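Heads up, the thing below is written out as structure tokens.
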Amino acid sequence: MIRFLLKGLLRDKSRSRLPIIVVAIGVMLTVFMHAYITGFMGDTIEMNANFANGHVKIMTKAYAENMDQMPNDLALMETDQLLEELTSQFGSVDWAPRIRFGGLLDVPDEQGETRSQGPVFGLGLNFLSGDSREAERLNIDHVLVRGQRLTQPGEALISELFSQKMHINPGDTVTLIGSTMNGSMAFYNFTVAGTLSFGSEALDRGALLVDLEDARFALDMQDAAGEIIGFQSEGYYNDATALAMSERFNQKHANADDEFAPVMKSLSQQGSMGLYVSMAKYWSVYISLIFVLTMGLVLWNAGLLGSLRRYGEFGVRLAMGEAKDHVFITLIYEAMAIGMIGTIIGTAFGLLFAWLLQTYGLNISGMMEGASLMMPSTIRARITAESYYLGFIPGLLSTVAGTMLAGIGIYRRQTSQLFKELET
Amino acid sequence: MEKPVISIRHLVKKFPAGKGEFTALKGIDLEFNTGEFAGLIGPSGSGKTTLLNIIGSLDAPSTGEALVLGNSIGQLSAKEAARLRKHSLGFIFQSYNLLAVHTVYENVEFPLLLLDYSASERKKMVLEALEWVGLTNKIDSRPPKLSGGECQRVAIARAMVKKPSLVLADEPTANLDADNSHHILKTMETLNRELKTTFLFATHDEKVIGYLRRKIFLKDGRVDKDEWVK
């Protein structure tokens, strides 16, 4: 009997090939869309982590309360010792001290007189230490427009848009006018090594990137840093791990009286990022769910139509003496086989396309010009554990559910009614 | 005395129609014995197909009784009705109703699969049935490649392969030309004589009527005439 049904299934293309194609396409889209949404939202979080928030960030309590003002007078002191402690406590995390600062960039003419001036947002990061991954995190090699990356102390990278406004070229000397952490005026000359275009107006408006030691020297912050940010070893932000880490750290450093005591905040605990992290978490689930339900309805319908089309065949089989429940069960088995094959094919193709998007990405930097949001200029998918089994919901369950619904008709109809449908 | 194959007493069948009911059969009393070659004759709406469906356990009477091979159709559960059809009844339809994706061999084999015969038994029985209808040269063909007459012969082989006690044929020649109709009817007549299978037709085709040994004329859900051909 099984062979008989299998032969029917294989020979009747509208019963096998077409439903398998429909299931496979539906599952492929579901798997791909899930990976795409997960990747895109995850990349946006990673971009914010790389540029500003880290997966966790350590600051003094006072700095944390006024973080938006970049109050370097409230910066962490004795950071070398703190880094040693962090490395021993959280060995798998990559720690990076940073100094964020604001100031005025003065561009002198040939006589040394001010030619132009503009406000800059400065970032001091560890560019020149051999094992630092900061340049990689900020994707410097890819966003470099002119010149070269930092190779020696005293050099700076500025945003291309800003350089054009200020008529600055690589090799020019610029002066940072700011304030030290003690409140004194700070003047420091940098040689422009290159210009950058991040594709985000928030960064391209006036970014100045310098080596951490230069920033320390310019702002009188020896062995200090505004913040120390940490990146989890998985390479992606894991909210649960980050929250556990910050709880552990904060318990150890709980000192209500000392406003300069270090405090660790996970990315989701920093400003509006918490909202975005939960949005990313739930949006990805919601959007995937909507897609899964939509595909479920399509495949349900396909299963329904496929079964309704076969009422005639069921009429013959019932006339031959096959019991209704046997017809129904064989129908479900067929749907399971179709659903399983379609899901496997669809998942394979969905994963393939997701892998291509994950590996090669889709450059949308052209579309990002002038965007004020900090979003990735390359869209990438991300394959997660769910990508491997998510497709089974629409692929297998919906197909079987659709078939079951159609199969109920076999029970509801009088056998003679099925017969009439057979005759028409 | 031999028990009748079919015994119908005061059979009434009503169908819901709008807010009321439509009575398709209005008190039928009939008996059929083993080996009969009989037909229910009448125009459309006379109730012949309804009666054939009840005898075939595809439908149940509203009131009255239909005993088929000792089984009271009205009392049978769906499973018992399926068992009766599986073991004892064969059906031949107007439009053949062969499974288009299966070969002639597989179509004829299907009723035997339901009866759990072994592969060797099935092969022997299928080839024998195809020999009765003269189609042993077409065993690997599929229905769409066959003529109408050949399709109906396959349908006869499928109905006869398990050697049922009763074969019910609803307008078996309606889609066939005269030559093919006579060929089919001769085949069924031969099988009726050789295997002692009871054949009951529902028809208004003169060609079929000409072969019948018992003619039951139905009119408006009642038996109008019951004639035996000498």
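The values are calculated or read from the model by the stated rules, or taken from the named source; none is laboratory data. Fair warning: this is a prediction, and the values are worked out from it, not measured in the lab. All Cβ positions, even for glycine, are placed from backbone atoms using ideal geometry, and neighbour counts span all protein chains on display. Remember, those area values only see protein heavy atoms, side chains included, never the ligands or the DNA or RNA. Shrake-Rupley method; radii C 1.70, N 1.55, O 1.52, S 1.80 Å.
Within the shell of other residues whose beta carbon sits under 15 angstrom from the beta carbon of A:Gly8, the net charge comes to +4, with Lys and Arg scored +1 and Asp and Glu -1.
Got a sec? What order do A:Asp172, B:Asp224, A:Asp257 fall in by accessible area at 1.4 Å, biggest, i.e. largest, first? Don't skip to the answer; put the middle values down first.
Working: A:Asp172 45, B:Asp224 90, A:Asp257 145 Å².
The ranking, largest first, comes out as A:Asp257, B:Asp224, A:Asp172.
Per residue, how many Å² of accessible area does chain A show with a 1.4 Å probe? Don't jump to the answer; show the numbers that get you there.
Numbers: 19550 Å² over 424 residues.
In whole numbers, chain A has 46 Å² accessible per residue.
Reachable aspartates and glutamates from B:Lys196, Cα under 19 Å, same-chain residues fewer than 8 places away excluded? The qualifying aspartates and glutamates are B:Glu2, B:Glu31, B:Glu36, B:Glu128, B:Glu131. Solvent-accessible area of B:Glu128, all protein chains in place: 70 Å² (probe radius 1.4 Å, heavy atoms, ligands and nucleic acids excluded). Summary value for chain A: 28 percent relative contact order, contacts being C-alpha pairs under 8 angstrom separated by 6+ residues.
With 30 Å as the limit, the listed pairs B:Lys26/B:Lys207; B:Lys186/B:Lys225; B:Lys138/B:Lys163; B:Lys14/B:Lys230 have B:Lys14/B:Lys230 beyond it between alpha carbons. Of the residues B:Ser88, B:Ser120, B:Ser77, ranked by 1.4 Å probe accessible area with the largest first, the sequence reads B:Ser120, B:Ser77, B:Ser88.
Computed from backbone phi with θ = phi - 60° and the Karplus coefficients 6.51, -1.76 and 1.60, the 3J(HN,Hα) list for the stretch A:130-143 is x, 9, 6, 10, 5, 5, 5, 4, 8, 6, 4, 4, 7, 9 Hz; x is used for glycine and proline. With point charges of +1 on the Cβ of Lys and Arg and -1 on the Cβ of Asp and Glu, referenced to the Cα centre of the stretch A:56-231, which listed residue (A:Thr180, A:Ala218, A:Phe231) lies farthest in the positive direction of the dipole? Farthest towards the positive pole: A:Phe231.
Amide H contacts under 5 Å for A:Asn126: A:Leu212, restricted to partners 5 or more places along the chain or on a different chain, H placed in the peptide plane at 1.01 Å from N. A 1.4 Å probe, protein heavy atoms only, puts the accessible area of A:Glu386 near 80 Å². Looking at the stretch B:28-91, the accessible area is 35 square angstrom per residue; that uses a 1.4 Å probe and ignores ligands, DNA and RNA.
Extension gain B:Thr23-B:Lys3, at 0.36 nm per residue separation less the Cα-Cα distance, in nm?
Length gained between B:Thr23 and B:Lys3: 4.3 nm.
Pull up the cross-link candidates among the aspartates and glutamates for A:Lys61, meaning alpha carbon to alpha carbon under 16 Å and not fewer than 8 places away within one chain. Partners within reach: A:Asp73, A:Glu78, A:Glu227, A:Glu247, A:Asp257, A:Asp258, A:Glu259. Stretching A:Phe187 away from A:Ile341 to a fully extended chain increases their span by 48.6 nm, per 0.36 nm per residue minus the current alpha-carbon distance.
Take the Cα of B:Lys230, step 7 Å toward its Cβ, do the same at A:Gln148, and the gap between the two points is 12.4 nm. For A:Gly274, the shell of other residues with beta-carbons less than 14 Å away shows a net charge of +2, using +1 for Lys and Arg and -1 for Asp and Glu.
With charges only on Cβ, +1 for K and R and -1 for D and E, what is the dipole size of the stretch A:56-231 about its Cα centre, in debye, rounded to 20?
Roughly 420 debye, rounded to the nearest 20.
Could you tell me which of A:Gly102, A:Met273, B:Phe32 has its Cα farthest along the dipole of the protein assembly as shown towards the positive end, charges placed at Cβ (Lys, Arg +1; Asp, Glu -1), taken about the Cα centre? After comparing all options, I get B:Phe32.
Distance between the C-alpha centres of the stretch A:288-335 and the stretch B:136-212: 32 Å, rounded to the whole angstrom. The charge dipole of the protein assembly as shown, taken about its Cα centre with unit charges on the Cβ of Lys, Arg, Asp and Glu (plus for the first two, minus for the last two), comes to roughly 5860 debye.
On chain A, 59 percent of the accessible area sits on carbon and sulfur atoms, based on a 1.4 Å probe. With all projection directions averaged, the alpha carbon convex hull of the stretch A:62-198 covers 9.5 nm². Taking the helices alone, chain A has a mean residue ellipticity at 222 nm of -15500 deg cm²/dmol, built from -39,500 (n - 2.57) per DSSP H run of at least 4 residues and averaged over all its residues.
Distance between the modelled labels on A:Arg115 and A:Lys281, one decimal in nanometres: 5.2 nm (7 Å Cα→Cβ projection). Which of B:Cys151, B:Ile209, B:Asn137 sits farthest toward the positive end of the charge dipole of the stretch B:120-218, with +1 on the Cβ of Lys and Arg and -1 on the Cβ of Asp and Glu? The one lying farthest along the dipole's positive direction is B:Asn137.
Ignoring ligands, DNA and RNA, how much accessible area is buried between chains B and A, both sides summed, with a 1.4 Å probe, to the nearest 100 Å²?
Working: alone 11340 and 20730 Å², together 29750 Å².
Its buried surface, counting both partners, is about 2300 Å².
If a/c stays under 1.5 just call it rounded; otherwise compare a/b with b/c (prolate if a/b is bigger, oblate if not). Do that for the protein assembly as shown, with a ≥ b ≥ c from the square roots of the Cα gyration tensor eigenvalues.
Verdict is prolate for the protein assembly as shown.
For A:Val120, the amide hydrogen comes within under 5 Å of the amide hydrogens of A:Gly103, A:Leu104, A:Leu105, counting only partners 5 or more places away or on other chains and with H modelled in the peptide plane.
The largest accessible area among B:Arg213, B:Arg222 belongs to the first residue in B:Arg222, B:Arg213, and the rest follow in falling order (1.4 Å probe, all chains). This model, with +1 at the C-beta of Lys and Arg and -1 at the C-beta of Asp and Glu, gives the stretch A:1-93 a dipole about its Cα centre of some 1780 debye.
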